[in-house]
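Asks: Take a look at this one; I'll ask things after.
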Amino acid sequence: MDTLEIGCCGAYCKTCREYQKTCKGCKIGYSDGSRDLAKAKCKIKVCCVRKGCATCADCSEYDDCSIIQAFHNHPGYKYGKYKQSIAYIRTHGYAEFVKRAINWTVAYGKL
């Protein structure tokens, strides 16, 4: 299962207009060195890529991680939806998540 289109935080990037046009997402380019992780501004991405996790759903420290928990508990509808996505992936796996997310029109949707 290719997880490059799923953001470390739980966003489904494939449905994002910017991703479809020019955005590289949060993981493309770090493994081959075409992007420098030291220049990345997103703490979630830096942590996830350094640990070798496809998303925060794979991290054994997820429940106690202050970085992702602060992000997911931030006020705003989308943050809660990203949290739901990570929980769904942890329970059902990436393939089932993509089956549901493929028809979303934004980076989150009904699970």
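Asks: Looking at ASP32 and the list (1) acidic (Asp, Glu); (2) exposed (fewer than 12 other Cβ atoms within 10 Å of the Cβ); (3) closer than 24 Å to GLN84 by Cβ, which single condition is not satisfied?
Replies: Every condition holds for ASP32 apart from (3).
Asks: A further question on this structure: Given the structure, is TYR82 of a type in the set (Phe, Trp, Tyr), in a helix (DSSP H, G or I) and in contact (Cβ under 8 Å) with a residue 24 or more places away in the chain?
Replies: Against the criterion (of a type in the set (Phe, Trp, Tyr), in a helix (DSSP H, G or I) and in contact (Cβ under 8 Å) with a residue 24 or more places away in the chain), TYR82 qualifies.
Asks: Select from segment 62-96 the residues that are of a type in the set (Asp, Glu) and surrounded by 13 or more Cβ atoms within 10 Å (Cβ to Cβ) and list them in ascending order.
Replies: Across segment 62-96, the qualifying residue is only GLU96.
Asks: Which pairs turn up if I take residues in segment 1-24 that are under 15 Å from CYS48 (Cβ atoms) and modelled with pLDDT of 85 or more and look for partners that are among the acidic types (Asp, Glu) and crowded, with 17+ Cβ neighbours inside 10 Å with beta carbon separation below 7 Å, at least 6 apart in sequence or on another chain?
Replies: Short answer, once both residue conditions are applied: CYS13/GLU5.
The values are calculated or read from the model by the stated rules, or taken from the named source; none is laboratory data. Small disclaimer: the values here were computed from a predicted structure and weren't measured. Note: ideal-geometry Cβ built from the backbone for every residue, glycine included; neighbour counts use all protein chains shown.
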